[in-house]
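Working notes, beginning with the structure itself.
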Amino acid sequence: MDLAVVTKYSALYSKPSGLILQYGTAGFRTKAEHLDHVMFRMGVLAVLRSKQTKSTIGVMVTASHNPEEDNGVKLIDPLGDMLAPSWEEHANCLTNADEQDMLRVLMDISQREAVNLQQDAFIVIGRDTRPSSEKLSQSVIDGVTVLGGQFHDYGLLTTPQLHYMVCCRNTNGQYGKATIEGYYQKLSDAFMELSKQASCIGHEYKSLKVDCANGIGALKLREMEHYLSPGLSLQLFNDGTKGKLNYLCGADFVKSYQKPPMGMEMKSNERCCSLDGDADRIVYYYYDVEGCFHLIDGDKIATLISSFLKELLLEIGQSLNIGVVQTAYANGSSTRYLEEVMKVPVYCAKTGVKHLHHKAQEFDIGVYFEANGHGTVLFSKGAEAKIRQLAKELEDKEKKAAKMLENIIDLFNQAAGDAISDMLVIEAILALKGLTVQQWDALYTDLPNRQIKVKVADRQVISTTDAERRAVTPPGLQEAINDLVKKYKLSRAFVRPSGTEDVVRVYAEADSQESADSLAHEVGLAVFQLAGGIGEVPRPGF
Ligand code: 16G
Ligand code: MG
């Protein structure tokens, strides 16, 4: 490796002075024009990680649900999962190093991680549809090649598709073929097999309206459509031909504002869903006959999926342990329903997919979803082998159930939560159980809730414990929250510093919307007073 060349190239991607970025819950994210040096350096870092693990590493260029002008990057580890925390630290050091220190930091990381610089490296790259993404992914490629890494540029991909490719490449194709056709084939085969089991698929299960957030999901669903025919026909909205990415549409918009996306034609009781800008999140919704909007979020998706899995496990007589992982944002009604009605154990993890994913790996079958629609199901190696064996050995009804479970294993993207794969699982389950969207929604009623943001001088003065459900600092804040919560019925509230925005997030739920709004406001005021608030605390509902 010629270090002089690294220095020379690095200078072409000079870091804007004073810019400090953090590898947050989902990688680096900021305005696209500030990211050139980050991309180059993440290309370099991916090569080091690949040399160290002797595996293919992924680099995804996307800022997910953020505005079109933003961009971002994240690295994907060998099993298709998120980058290991110690390497997130390396990513911070390398990205924030001044130009003259960049090479020293690079060598320091190599030494600390015992990277053999002579080892081969292979990187796969994907990008979303943002206008800035193509150029930025070229900067990643420059970073990869300057350190002598080999690469394959998949071009436009959803984030979960790149996770899938990395997983396939590092498991010798056992997980699937590392091509876009391989991905479509694997998912659609499993979906079609499942659909065949639905005794009489009514017309309502054959079509679905999808809001694609004007993003990559639209392109990829168009490509996939014919693989799903005649099982499911998709009507795509916000497909990127007219509107702006994530603008007044997409899963984040629908979940945050509890309204339908712009540009969607919805008739009452019609099942609709929204993906986010990189298609790793999904929420469902419908209008009832009175014109009232109903959101079906990640919590209800987890409930539908885990109840279906539990039924199948009962049929095949297996006591594989199943656990559901949520975050503090999960609606209290969903947790109660899962624990008390469905009798499945529920665990709470910190916000951010990697924390849920990690926890879900502890079970034979780990179902994880954030309320915002990120999630998937993980099957342990043992559980998967057992199910595949039973699908061969069992007979009649039991065989059918085991085969369905086998198809479900193949239909989930176990490398990462995937809106396309989740959508197909949900569609299959609804058809198999003959459930309408209203019946699904009626499993339980969400407790009214409210989220607000409070600006403070330094959000890091807030630290939390117990999976973000209790504040440790500043002193007195948790006591204040406890006193406020006592004033309302069925109430709960917590605060946490955001991992993606310079704000403190406040969540409150209670027996009525007025109470939830008022509790959120009061907790916001406590944060403002005790944590150095700036500006004003939003007053929801007024
Ligand atoms: C990121 C996370 C998401 C989390 C959100 C929280 C991934 C892929 N994405 O988008 O899981 O819900 O951050 O944002 O991990 P916040 O910290 O600003 O509330
Ligand atoms: Mg996303």
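The values are calculated or read from the model by the stated rules, or taken from the named source; none is laboratory data. All of these numbers come straight from a predicted model, not from anything done at the bench. Because the Cβ atoms are built from the backbone with ideal geometry, glycine has one as well, and the counts that use them run over all protein chains shown. Surface areas here come from the heavy atoms of the whole protein model, side chains and all, with no ligands, DNA or RNA. Shrake-Rupley method; radii C 1.70, N 1.55, O 1.52, S 1.80 Å.
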ask   = Can you name every residue in region 223-271 that is in contact (Cβ under 8 Å) with a residue 60 or more places away in the chain, open to solvent by 30 Å² or more (accessible area, probe 1.4 Å), more than 23 Å from Asp441 (Cα to Cα) and touching a Leu at 6+ places or on another chain (Cβ under 9 Å)?
value = Gly240
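For Lys350, are the conditions met, namely being closer than 30 Å to Ser64 by Cα and at pLDDT below 95?
Criteria not met by Lys350.
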inquiry  = Testing His37 on (1) open to solvent by less than 40 Å² (accessible area, probe 1.4 Å); (2) more than 30 Å from Ala360 (Cα to Cα); (3) of a type outside the set (A, V, I, L, M, F, W, C); (4) within 16 Å of ligand 2 (Cβ to nearest atom), one condition comes back false. Which one is that?
reply    = (4)
inquiry  = Six or more apart or on different chains, Cβ atoms under 7 Å: show the pairs whose first residue is in region 496-514 and closer than 16 Å to Val456 by Cβ and whose second is open to solvent by less than 30 Å² (accessible area, probe 1.4 Å) and part of a helix (DSSP H, G or I).
reply    = Val504/Val527; Val506/Ala520; Val506/Val523; Val506/Gly524; Val506/Val527
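Of all residues in region 327-364, count the ones that are assigned to a strand (DSSP E or B) and either open to solvent by less than 10 Å² (accessible area, probe 1.4 Å) or small (Gly, Ala, Ser) (or both).
Total satisfying the criteria: 2.
Criterion first (more than 22 Å from the chain's Cα centre (by Cα) and either β-branched (Val, Ile, Thr) or more than 15 Å from ligand 2 (Cβ to nearest atom) (or both)) does Gly240 satisfy it?
The answer is no for Gly240.
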ask   = Can you name the residue in region 279-290 that is open to solvent by 10 Å² or more (accessible area, probe 1.4 Å), touching a Ser or Thr at 6+ places or on another chain (Cβ under 7 Å) and in a loop (DSSP other than H, G, I, E, B) and is also nearest to ligand 2 (Cβ to nearest atom) among such residues?
value = Asp280
key: Residue in region 273-325 that is farthest from Lys403 (Cα to Cα), counting only those that are out of contact with any Leu (no Cβ under 9 Å at 6 or more places or on another chain) and β-branched (Val, Ile, Thr)   = Val289
request  = Have a look at Thr376, Thr445 and point out the one that is closer than 24 Å to Leu314 by Cα and among the polar types (S, T, N, Q).
outcome  = Thr376
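Just a yes or no: is a residue in region 403-421 of a type in the set (Asp, Glu) and either open to solvent by 30 Å² or more (accessible area, probe 1.4 Å) or without any contact (Cβ under 8 Å) to a residue 60 or more places away in the chain (or both)?
Yes, that holds for at least one residue.
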request  = Tell me which of these Gly535 doesn't satisfy, since it passes every other one: (1) within 16 Å of ligand 1 (Cβ to nearest atom); (2) loosely packed, with under 15 Cβ neighbours inside 10 Å; (3) small (Gly, Ala, Ser).
outcome  = (1)
inquiry  = Looking at Glu370, Glu398 in this structure, which one is touching a helix residue (DSSP H, G or I) at 6+ places or on another chain (Cβ under 9 Å), closer than 18 Å to Ser306 by Cβ and charged (D, E, K, R)?
reply    = Glu370
message = Just to be sure before I move on: is Phe494 open to solvent by less than 40 Å² (accessible area, probe 1.4 Å), touching a strand residue (DSSP E or B) at 6+ places or on another chain (Cβ under 7 Å) and among the aromatic types (Phe, Trp, Tyr) in the structure I sent?
response = yes
task = Scan region 340-352 and give yes if some residue there is touching a Phe, Trp or Tyr at 6+ places or on another chain (Cβ under 6 Å), farther than 16 Å from Phe412 by Cα and within 16 Å of ligand 1 (Cβ to nearest atom), otherwise no.
result = no
ask   = When you go through Ala371, Ala302 one by one, which is the residue that is assigned to a loop (DSSP other than H, G, I, E, B) and within 16 Å of ligand 1 (Cβ to nearest atom)?
value = Ala371
message = When you check Asp299 against the structure, is it in contact with a Gly (Cβ under 9 Å, 6 or more places away or on another chain), open to solvent by less than 50 Å² (accessible area, probe 1.4 Å), under 28 Å from Val324 (Cβ atoms) and not aliphatic (A, V, I, L, M), yes or no?
response = no
task = Output the residue which, of all residues in region 44-88 that are in a loop (DSSP other than H, G, I, E, B) and away from ligand 1 (no atom under 14 Å from the Cβ), is most open to solvent (accessible area, probe 1.4 Å).
result = Lys54
request  = Looking at (1) more than 16 Å from ligand 1 (Cβ to nearest atom); (2) over 20 Å from Phe379 (Cβ atoms); (3) at pLDDT 95 or above, find the lone condition where Met264 falls short.
outcome  = (3)
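Rundown of residues vs (1) open to solvent by 50 Å² or more (accessible area, probe 1.4 Å); (2) modelled with pLDDT under 95; (3) polar (S, T, N, Q); (4) out of contact with any Gly (no Cβ under 8 Å at 6 or more places or on another chain), yes/no style:
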site	(1), (2), (3), (4)
Gln161	no, no, yes, no
Cys167	no, no, no, no
Ala190	no, no, no, yes
His203	yes, yes, no, yes
query = Do any strands (runs of 3 or more DSSP E) lying entirely in region 429-525 carry at least 1 residues that are within 14 Å of Val537 (Cβ to Cβ) and more than 14 Å from ligand 1 (Cβ to nearest atom), and which ones are they?
reply = 449-454, 492-497, 504-509
